[in-house]
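**Student:** Quick one: this structure, given as structure tokens, is what I'll be asking you about.
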Amino acid sequence: MTETNEMQNEEIRCIGCGAVIQTENPDELGYTPNSALEKGKESGEIYCQRCFRLRHYNEIMPVSLTDDDFLALLNQIRDANALIVYLVDVFDFNGSLIPGLHRFVGDNPIMLVGNKADLLPNSLRRSKLKDWIRQRSNEAGIRPIDVELVSAKTNESVDDLLTNINKYRKDRDVYVVGVTNVGKSTLINQIIRQNTGIQELITTSRFPGTTLDKITIDLDDGHELVDTPGIIHKEQMAHYLKGKDLKVVQPQKQIKPKVYQLNPEQTLFFGGVARFDYIHGDKKHGFTVYVENNLFIHRTKLENADNFYDKHFGELLTPPSKESIDDFPELERFEFKTERKSDLVFEGLGWITVPENVTVAGWAPKGANVLLRRAMI
């Protein structure tokens, strides 16, 4: 029997992303050289080449999985008897929502977990945030049995989450689901670390689509905790930016809100990735901006905004960097008239809290989403 057939029978999987290990085709999922496979067998930690390069060199390699492949993997959950831990990014809540979640979780109960709670201002009471998340989830047709808040990165409240998972799972497996980039693998790593002491077993990255197949961790009572591949949500900003540019727009520390006093017909640019226009209102208003603290924001007149963008895109207005502007989509405009205090949301970038009875517009890369929601804060 060849080693390849032997591997297929044994189904050795990459512990970083879950892909089945193979040594034949460098362009396919799960490829690792024979030499690396032998070393991995000796150490007990086998990574595919993609995960190895991502972990050690922060290089992302393209994958051949399609959206349908991801959904097919997740559809297995419908037939499982499991507690569904549905992870969302509280900073990118709308970009974290999974359309039609009920279609592939079946009758399994859902625990909704808001990750990256450490990014939001301390002035926002956690009980109020939980209520806001539950209300927005109900509007999306999701009826969670509980709402929890954590920070997988800082380990905030992960102990409480584990206690509640054990409370609700009732002799069932646990499936962790979410869109790409919400921090699922980071959370799983915290759980593994607390239970085994092993650090960073699963590959984590700010790049979308790091986990490629379900990753299974045995629980003490014979059941399993399963990290599923993130559903690719193409409306998130992360799909339109590359490595260093992506780092500039994704918050790493607690957000410091910035208030801009704007007159009608004024514009704010967020680097070169987004734009906000205050089009019409009866007076000067304060607009509160929640984006990564180091993202460059520039104010100008609305009448000059198009020319200003054309002139300074990729130079003064970055990201994207000058090397990336050729691949960056043109900005698409979304206009709204508010009836109440609201958030104008750039999915994956942040939001601007706007007052009632004003007309505003948000611009984002074509394909990324801009929407209006009830104000979070």
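Taken together, the values in this text are just the output of simple stated rules run on the coordinates, not laboratory data. Remember, it's a predicted structure, so these values are computed and weren't measured experimentally. Positions of Cβ are backbone-derived with ideal geometry, glycine not excepted, and every protein chain shown enters the neighbour counts.
**Student:** Of the listed peptides 279-287, 265-273, what is their order by residue-averaged count of other C-beta atoms within 10 Å, with the highest listed first? The partial results should precede the final answer.
**Tutor:** On the way: 279-287: 13.8, 265-273: 22.7.
Sorting 279-287, 265-273 by mean packing, highest first, produces 265-273, 279-287.
**Student:** For the pair Lys244 and Asn25, how long in nm is the line joining their label points, each one 7 Å along Cα→Cβ?
**Tutor:** Between Lys244 and Asn25, the simple spin-label model gives 3.5 nm.
**Student:** Find, among the trypsin sites (Lys or Arg not before Pro) in the range 106-192, those assigned to loop by DSSP (not H, G, I, E, B) with at most 12 other beta-carbon atoms within 10 angstrom.
**Tutor:** On the way: sites: Lys116, Arg125, Arg126, Lys128, Lys130, Arg134, Arg136, Lys153, Lys167, Arg169, Lys170, Arg172, Lys184; in loops: Lys116, Arg125, Lys153, Lys170, Arg172.
Within the range 106-192, the qualifying trypsin sites (Lys or Arg not before Pro) (loop, at most 12 other Cβ atoms within 10 Å) are Arg125, Lys170.
**Student:** Shifting gears a bit: Along each of the three principal axes of the Cα atoms of the range 247-374, give the extent in whole Å, ordering the values from largest to smallest.
**Tutor:** Projected onto its principal axes, the Cα set of the range 247-374 covers 41, 34, 25 Å.
**Student:** If each residue of separation counts as 0.36 nm, what is the full-extension length gain between Ile325 and Asp218 once their alpha-carbon separation is subtracted? Mind showing how you got there, number by number?
**Tutor:** Working: separation 107, 0.36 × 107 = 38.52 nm, distance 4.55 nm.
Extending this stretch completely gives an extra 34.0 nm.
**Student:** Cβ neighbours within 10 Å, averaged per peptide: list 344-352, 91-99 in order, most packed at the top.
**Tutor:** On the way: 344-352: 25.4, 91-99: 22.1.
Highest to lowest by the protection proxy: 344-352, 91-99.
**Student:** Past 26 Å, Cα to Cα, is the threshold; run Lys283/Lys322; Lys153/Lys322; Lys184/Lys253; Lys116/Lys322; Lys130/Lys253; Lys128/Lys366 against it and keep the listed order.
**Tutor:** Values: Lys283/Lys322 37 Å; Lys153/Lys322 31 Å; Lys184/Lys253 18 Å; Lys116/Lys322 30 Å; Lys130/Lys253 21 Å; Lys128/Lys366 33 Å.
Beyond 26 Å between Cα atoms: Lys283/Lys322; Lys153/Lys322; Lys116/Lys322; Lys128/Lys366.
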